[in-house]
Amino acid sequence: MAGVAVIPVMIPDLGEEEAQAAAEAIRSGWVAQGPRVARFETEFAAAVGAGHGVAVSSCTTGLHLALVLLGIGPGDEVIVPSLSFIATANAVRYVGATPVFADVELATGNLSVETIDAVRTLRTRAIIAVHQGGVPFDTVALRKAADDWSVALVEDAACAAGSTAYGLPVGAGAGVAAWSFHPRKLITTGEGGMVTVSSADDAARLKRLREHGMNVSAADRHQSTQPVLEAYLETAFNYRMTDIQAAVGLVQLGKLSNLVKQRRALAARYQREMSDINGLTPVTDPAYGQTNYQSFWVLLNGLDRDEVLAELAQRGVSARRGIMAAHLEPAYRDVTPGPLPVTERITRDSIILPLHHRLTETDQDHIIGVLRELATR
């Protein structure tokens, strides 16, 4: 079937409504952080069950600010999964702390109480747990364990908007969580992120930290009828989101529930049609929650990942290698972690298949047909 049109791994669901919203923001004259950002923060926090939202320039900067907020620094250890985009571990190094890699569960790709406890030491000050690929980790178990250990828990929810755990959005009950609006996520602002917190005081400090430490925001200064002399309370950062991005984000947020419904239906069809193919184990929901299927990955049993990717590419399917392992990257060659057998199995033997709003049943049938052929050779 050489010459078939390429089936992309992901397409952001952007259209005329987003274009109009961005244009209106531009025409308003307020293009930097302003009223649309404030509205996006409120509506996003409500959608994920969080107390407060603080919009930032990316999930990476959100993770950085979360660690600054918690006072993590040199001499501290932060437990992270190696099985995650490298930003998760990098944020720990940004504050001068030491990332400690823990292994993950095979079924979910997530940290567990047991894998965290295996590497926890007296220097452990925080955990960054990832809802990997939208699959929620066990929020009840990990939050309780972190409390019992008197260790802060930061939730890396980059991929998890629309996922649930124990019947609640994954952001509900999180002390601090960071979210991504990169184009590969369900909702996008191009680039951008959000930090959600339960505490109003934490939200207020995060808003200062993202804006150079100013005690009065630029938006508040411009809206005031009297001169405002701001003060800079601490060394901080420029991690702001623009009103143009927020305008797009508000439209995208309105699509979230439908996008989740559509992706779950496509994922269920993948799972059903692959159920009789030996050598493939597709990702599924954990017993305690539902994933938004931000990524649909398949664990290969006895099939060579690179050969599978090459054959899919030749047949017009743009698949990707599975989730990376940070400890295997050159940037972390100076780190010698303990055994991470599950992490290394998943990153070596998994692929991510196309899943997006334009994926058709015909596309799926073609993808599944290629995989079936490879598995029966």
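The values are calculated or read from the model by the stated rules, or taken from the named source; none is laboratory data. Note that the structure is a prediction, hence the values are computed from the model and not measured. Methodologically, a virtual Cβ is constructed for each residue, glycine included, from the backbone with ideal geometry; neighbour enumeration extends over all protein chains shown. The protein model used for the area step is the full one, side chains on, heavy atoms only, and it has no ligands, DNA or RNA in it. Shrake-Rupley method; radii C 1.70, N 1.55, O 1.52, S 1.80 Å.
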Being more than 25 Å from Tyr293 (Cα to Cα), of a type outside the set (A, V, I, L, M, F, W, C) and exposed (fewer than 14 other Cβ atoms within 10 Å of the Cβ) is the filter here; which residues of the range 17-44 pass it?
Gln20, Glu24, Arg27, Gly29
Residues of the range 116-150 classified as open to solvent by less than 30 Å² (accessible area, probe 1.4 Å), touching a residue at least 40 places away in the same chain (Cβ under 8 Å) and either farther than 23 Å from Gly162 by Cβ or in a strand (DSSP E or B) (or both), total
6
Quickly run through the range 231-283 and pick out the residues that are of a type in the set (Asp, Glu) and farther than 22 Å from Gly133 by Cα.
Glu234, Asp243, Asp276
Within the range 148-155, identify whether any single residue is β-branched (Val, Ile, Thr), farther than 25 Å from Ala267 by Cβ and at pLDDT 95 or above, and answer yes or no.
yes
Out of all the residues in the range 18-27, is one or more acidic (Asp, Glu) and in a loop (DSSP other than H, G, I, E, B)?
no
Residue in the range 45-58 that is nearest to Ala203 (Cα to Cα), counting only those that are touching a Gly at 6+ places or on another chain (Cβ under 7 Å) and open to solvent by 10 Å² or more (accessible area, probe 1.4 Å)
Ala50
Has the range 237-244 got at least one residue that is out of contact with any His (no Cβ under 8 Å at 6 or more places or on another chain) and surrounded by fewer than 16 Cβ atoms within 10 Å (Cβ to Cβ)?
no
Matching residues, the range 156-209, being under 19 Å from Gln262 (Cα atoms) and of a type in the set (Lys, Arg)
Arg184, Lys185
Filter the range 325-352 down to residues that are in contact with a strand residue (DSSP E or B) (Cβ under 9 Å, 6 or more places away or on another chain), open to solvent by 20 Å² or more (accessible area, probe 1.4 Å) and among the small types (Gly, Ala, Ser), then give me how many there are.
1
Starting from the range 175-191, take each residue that is among the polar types (S, T, N, Q) and list its partners that are buried (at least 24 other Cβ atoms within 10 Å of the Cβ), counting only C-beta distances under 6 angstrom and pairs at least six apart or across chains.
Ser180/Cys59; Ser180/Ala158; Ser180/Gly193; Thr188/Phe181; Thr189/Phe181; Thr189/Gln245; Thr189/Val248; Thr189/Gly249
Subset tally (residues that are of a type in the set (A, V, I, L, M) and farther than 17 Å from Asn301 by Cβ) for the range 332-348:
2
Scan the range 101-114 and give yes if some residue there is farther than 17 Å from Cys159 by Cβ and in a strand (DSSP E or B), otherwise no.
yes
Can you pull out the residues in the range 86-115 that are crowded, with 20+ Cβ neighbours inside 10 Å and within 20 Å of Lys185 (Cα to Cα)?
Ala87, Thr88, Ala89, Ala91, Thr108, Gly109, Asn110
Scan of the range 42-65 for residues that are part of a helix (DSSP H, G or I) and touching a helix residue (DSSP H, G or I) at 6+ places or on another chain (Cβ under 8 Å), ordered by number
Glu43, Phe44, Ala47, Cys59, Thr60, Leu63, His64, Leu65
Give me a count of the residues in the range 254-265 that are touching a residue at least 24 places away in the same chain (Cβ under 8 Å) and surrounded by fewer than 20 Cβ atoms within 10 Å (Cβ to Cβ).
5
What is the one condition in (1) surrounded by 20 or more Cβ atoms within 10 Å (Cβ to Cβ); (2) on the phi < 0 side of the Ramachandran plot that Val228 does not satisfy?
(1)
Which of the residues belonging to the range 346-371 are over 16 Å from Leu309 (Cβ atoms), of a type in the set (D, E, K, R) and part of a helix (DSSP H, G or I)?
Glu361, Asp363, Asp365
So, Pro282, is that one crowded, with 17+ Cβ neighbours inside 10 Å and free of Cβ contacts under 8 Å to residues at least 40 places away in the same chain or not?
yes
Take the range 285-302 and flag every residue that is open to solvent by 20 Å² or more (accessible area, probe 1.4 Å) and touching a strand residue (DSSP E or B) at 6+ places or on another chain (Cβ under 8 Å).
Tyr288, Gln290, Asn301
When you check Thr343 against the structure, is it at pLDDT below 95 and either assigned to a helix (DSSP H, G or I) or of a type outside the set (Gly, Ala, Ser) (or both), yes or no?
no
